[in-house]
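Student: There's a structure below that I have some questions on.
The values are calculated or read from the model by the stated rules, or taken from the named source; none is laboratory data. Since we're looking at a predicted model, the values are computed, not measured. Heads up, the Cβs are rebuilt from the backbone with ideal geometry, glycines too, and the neighbour counts pull from every protein chain shown. Just the protein is used for accessible areas: all its heavy atoms, side chains included, with ligands, DNA and RNA removed. Shrake-Rupley method; radii C 1.70, N 1.55, O 1.52, S 1.80 Å.
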Amino acid sequence: MDLMSFFRAKKPATAQLARDRLMVAVAWQRDNDGRRNAGPSYLPQLREELLAVVRKYVQVADGAVQVNVQREDGLEVLEMNIALPDAKTGS
Amino acid sequence: MAKIIVTTSGKGGVGKTTTSASFSTGLAQRGKKVAVIDFDVGLRNLDLIMGCERRVVFDFVNVIQGEANLKQALIRDKNNDNLYILAASQTRDKDALSLEGVEKVLNDLADEGFDYIVCDSPAGIERGAHHAMYFADEALVVTNPEVSSVRDSDRVIGLLSSKTRRAERGEKVREHLVLTRYNPARVEKGEMLSVKDVQDILAIPLLGVIPESPSVLTSSNAGAPVIADPLSDAGQAYQDLVARFLGEERPMRFMTVEKKGLFNKLFGG
Ligand SMILES: Nc1ncnc2c1ncn2[C@@H]1O[C@H](COP(=O)(O)OP(=O)(O)O)[C@@H](O)[C@H]1O
Ligand SMILES: [Mg+2]
């Protein structure tokens, strides 16, 4: 135990914040460049099928469904993003 | 067959030139015939780090434009007979390079029997960086544990897999992560991204971790790559990196805080 650090005011650990922000920034960047969706090969197929399912209920644009695999703490997380169209009045 | 390696990062000031100098010196120390080329046209620096700035007569642009031949422009390193430096032009602008010109120089170097050609990229993702990476077989992606550097490295990794000759041929550029200016004390305090954080985000194999070290500055003051300093932690980390690059197994060092004495434990900062 480091005595001095015991007395020093505890600062928040910002590294975790940096990591979380980077995960998002990098995922966005990769989508935006249309590249390195380095995920498993089933991703495009999964995306197509999800899009078809969503379209049974809501009319969405081709790019409305995004699927990513992220690695976090050794875990693989399948991340899906489905953008619904702006709520229009009178339709 | 000459192997072409680009040292790249996107962001400036992260340690590309420091890495190019030490990496090429380390390869040469292990008997390889190496040429290291400064692609930072207009902002020549590698010559200073290698300590050959007073021997630059002709440069990369002179060779490309046919004003000098390759043999005249290659500067032999003062300590390693099989290491040569090709300086960047200080007076021209970035448009002085062309992909065809770069290709010709690389081919001529390969014909001269060089084992490795190290291309020290300028910052950015514009023409200069593109020229430096386009013909690469392998890439040292130099990254600092800091948000903007990591994001820029990710961009560069994307470019390596799309905007290179290998990518166009459906082949892969072999990527290596070089994490530099690493400060284990700050990592332990949660103030700095860890090796694992950066690896998780960039997802390319780690070749080496170079600690933040005062000896990098003192070495560059003296015009000697830090790898030539056997007492320097950064120098030793670069030695390990080169050995790993050549296929040796070396455990990662300098990734944890050195144990301090009791006095320092109680009162140290
Ligand atoms: N491991 C390190 N420890 C301390 N300072 C470093 C380290 N690596 C690089 N530097 C310093 O960072 C600055 C930028 O390094 P440089 O290699 O010129 O970067 P780049 O070529 O990417 O612009 C220089 O002042 C250099 O001395
Ligand atoms: Mg540089």
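Student: Rg/Rh for chain B: what does it come to with C-alpha atoms and Rh from Kirkwood?
Tutor: 0.98
Student: Let me ask another. Over the whole of B:188-198, what's the average partner chain Cβ count within 10 Å per residue? Rounded to a whole number, please.
Tutor: The mean count of partner-chain Cβ atoms within 10 Å per residue comes to 4.
Student: May I pose another question? Could you order B:Asp137, B:Asp120 by accessible surface area, starting with the largest, using a probe radius of 1.4 Å?
Tutor: These residues rank, largest area first, as B:Asp137, B:Asp120.
Student: Out of all DSSP beta bridges in the range B:3-265, what portion is antiparallel? Express it as a percent rounded to 5.
Tutor: Antiparallel bridges make up about 5 percent of those DSSP assigns within the range B:3-265.
Student: How large is ³J(HN,Hα), in whole Hz, for each residue of the range B:229-242 in order, when computed from phi with the Karplus curve 6.51 cos²θ - 1.76 cosθ + 1.60 and θ = phi - 60°, using x for Gly and Pro?
Tutor: Ordered by residue, 3J(HN,Hα) equals 9, x, 8, 7, 5, 5, x, 5, 5, 5, 4, 4, 4, 5 Hz.
Student: If you don't mind, there's one more thing I want to ask. Put +1 on the Cβ of every Lys and Arg and -1 on every Asp and Glu Cβ in the range B:3-265; which of B:Met255, B:Leu48, B:Leu74 then has its Cα farthest towards the positive end of the dipole?
Tutor: B:Met255
Student: Evaluate peptide B:143-151: per residue, the Cβ atoms of other protein chains within 10 Å of its Cβ; return the mean as an integer.
Tutor: 3
Student: Please report the equivalent ellipsoid semi-axes of the range B:1-97, computed as sqrt(5 x eigenvalue) of the Cα gyration tensor, largest first, in whole Å.
Tutor: 20, 17, 12
Student: So what are the ³J(HN,Hα) numbers for the range B:87-93, from phi and the Karplus equation (6.51, -1.76, 1.60; θ = phi - 60°), rounded to whole Hz, Gly and Pro as x?
Tutor: Each residue's phi maps through the Karplus curve to give 7, 7, 6, 8, 9, 8, 9 Hz.
Student: If I model a spin label at B:Gln65 and B:Ala243 as a point 7 Å from the Cα along the Cα→Cβ vector, what separation in nanometres do I get?
Tutor: The two pseudo-label positions are separated by 4.5 nm.
Student: Just counting partner chain Cβ atoms within 10 Å, what average do the residues of peptide B:207-219 show around their Cβ?
Tutor: The shielding value for this peptide is 0.
Student: For the range B:34-95, give the magnitude of the charge dipole about the Cα centre (Cβ charges: +1 Lys/Arg, -1 Asp/Glu; no others), in debye to the nearest 20.
Tutor: It comes to approximately 180 debye.
Student: I would also like to ask the following. Which value, in Å² and to the nearest 10, is the accessible area of A:Arg19 when all protein chains are kept and the probe is 1.4 Å?
Tutor: Approximately 10 Å² for this residue.
Student: Sticking with this one: May I ask you to work out the translational diffusion coefficient for the protein assembly as shown at 37 °C, viscosity 0.692 mPa s, via Stokes-Einstein with Rh from the Kirkwood sum over Cα pairs, reported in whole µm²/s?
Tutor: Once the numbers are plugged in, D ends up at 147 µm²/s.
Student: Modelled label-to-label distance, A:Leu78 and A:Val24, 7 Å Cα→beta-carbon offset: nm?
Tutor: 2.4
Student: Quick one: accessible surface of A:Tyr42, probe radius 1.4 Å, all protein chains present, in square angstrom to the nearest 10.
Tutor: 120
Student: Ok, one more. Defining a contact as two alpha carbons under 8 Å apart and six or more residues distant in sequence, what relative contact order in percent does the range B:3-265 show?
Tutor: 24
Student: Now for a separate question. List residues of the range B:128-165, by number, whose backbone nitrogen lies under 11 Å from a label position 7 Å along Cα→C-beta of A:Thr14.
Tutor: Residues passing the 11 Å test: B:147.
Student: Here's a follow-up. Anything over 28 Å Cα to Cα? Flag those among B:Lys16/B:Lys172; B:Lys104/B:Lys172; B:Lys16/B:Lys163; B:Lys33/B:Lys196, in the order listed.
Tutor: Cα-Cα > 28 Å for B:Lys33/B:Lys196; rest within.
Student: Could you tell me the center-to-center distance, by alpha carbons, between the range B:148-203 and the range B:1-59 in angstrom?
Tutor: 20
Student: Might you work out the accessible area of A:Glu48 for me, using a 1.4 Å probe with all protein chains in place, and round it to the nearest 10 Å²?
Tutor: 100
Student: Still on this structure, I have one more. Can you give me the long-range amide H partners of B:Glu175? Hydrogens built in the peptide plane at 1.01 Å from N, cutoff under 5 Å, separation of 5 or more residues or another chain.
Tutor: Under 5 Å from the amide H of B:Glu175: B:Ala139.
Student: Only four residue types carry charge here, +1 at the Cβ of Lys and Arg and -1 at the Cβ of Asp and Glu. Report the dipole size of the protein assembly as shown about the Cα centre in Debye, rounded to the nearest 20.
Tutor: Approximately 680 debye in magnitude.
Student: Same structure, new question: Cross-link partners among aspartates and glutamates for B:Lys189, C-alpha distance below 13 Å, same-chain residues fewer than 8 apart left out?
Tutor: Within the straight-line cut-off, B:Lys189 pairs with A:Asp2.
Student: Let me ask something else about it. Taking amide H atoms as placed 1.01 Å from N in the peptide plane, list the residues 5 or more away in sequence, or in a different chain, whose amide H sits under 5 Å from that of B:Phe58.
Tutor: For B:Phe58, no residues qualify.
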